[in-house]
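The values are calculated or read from the model by the stated rules, or taken from the named source; none is laboratory data. Treat the numbers as computed from the prediction; the structure is a model and nothing was measured. For neighbour counting, all protein chains shown are included, and Cβ atoms are generated from backbone atoms with ideal geometry for every residue, glycine included.
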């Protein structure tokens, strides 16, 4: 009963903040309400019995990714919509289409019976990390995926630096000469 | 009344719909990126909600996949924001309607 009350409170906060993202005018307000939505989702993860995912959500999503997004919004000064409207005529078709899709999916979800399993394992930090880094024979091999993710993040960082740089090999001393 | 697994899925569906709506109908580049992030979050929630319907070791797999999703989302945000900076430098605009350089 108490879990349901907590879930309803967190879900209302998450959906309200998501609606703020949809309707807000300035991207900075949208980013801040997106952070609120992500924090309440982290609470729901903890409530469902995956505190490790909740902590990673707070650290990586609400901490790192959204910090990067807010930073870029603040750096690009004219990030405001300006004279363009929030929604245009295309939205008239997008809204009913997405709502119809959601209705269909919701109908499919409700018509299939499933429930929580009482024997589900609580994803505590110790258990999740020991499953993730299990290198013994017969393990599921998540550590290989972990290494691949490391390479992906490194290459994404290199690509971001290469793209955001003005020109490859451009330095400050060169700028002074010009 | 107890917390049911279907409630979590309904919440994930609502958040996913709002994220898709934001990504498609808003015209500011940053809102498109934020909508994609919101949809990714909803998918993570759905994964965790479904993982709790299995017993034992199977329930751990559904909790580990969101970890990788979050890492991929971090890489996506990194590259996406670099592209936004690059396009903004060329076009001086964050309106997606102005990004029509590949129209031909």
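Can you name every residue in the stretch B:12-30 that is under 16 Å from residue A:108 (Cβ atoms) and at the interface with another protein chain (Cβ under 7 Å from one of its Cβ atoms)? If you could, list the steps in order and put the result at the bottom.
Narrowing the stretch B:12-30 to residues under 16 Å from residue A:108 (Cβ atoms): B:12-14, B:16-17.
If the condition is that a residue be under 16 Å from residue A:108 (Cβ atoms) and at the interface with another protein chain (Cβ under 7 Å from one of its Cβ atoms), then B:13, B:14, B:17 are the ones that fit.
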### Query
Do we find that residue A:176 is part of a helix (DSSP H, G or I), modelled with pLDDT under 85, out of contact with any helix residue (DSSP H, G or I) (no Cβ under 9 Å at 6 or more places or on another chain) and more than 27 Å from residue B:84 (Cβ to Cβ) in this structure?
yes
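On the basis of being in contact (Cβ under 8 Å) with a residue 12 or more places away in the chain and outside the structural domain of residue A:131 (by TED's automatic domain parsing), does residue A:8 make the cut? I'd like the intermediate steps shown before the answer.
Values: in contact (Cβ under 8 Å) with a residue 12 or more places away in the chain: no; outside the structural domain of residue A:131 (by TED's automatic domain parsing): yes.
Considered against the rule, which asks whether it is in contact (Cβ under 8 Å) with a residue 12 or more places away in the chain and outside the structural domain of residue A:131 (by TED's automatic domain parsing), residue A:8 comes out as no.
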### Message
Could you check the stretch B:69-91 and list, in sequence order, the residues that are in contact (Cβ under 8 Å) with a residue 12 or more places away in the chain, over 18 Å from residue B:28 (Cα atoms) and within 7 Å of chain A (Cβ to nearest Cβ)?
### Response
B:70, B:73
#### Entry: Test: residue in the stretch A:154-172 that is out of contact with any helix residue (DSSP H, G or I) (no Cβ under 7 Å at 6 or more places or on another chain), more than 23 Å from residue B:87 (Cα to Cα) and at pLDDT 80 or above
no
### Message
Regarding the stretch A:41-54, can at least one residue be identified that is part of a helix (DSSP H, G or I) and surrounded by fewer than 16 Cβ atoms within 10 Å (Cβ to Cβ)?
### Response
no
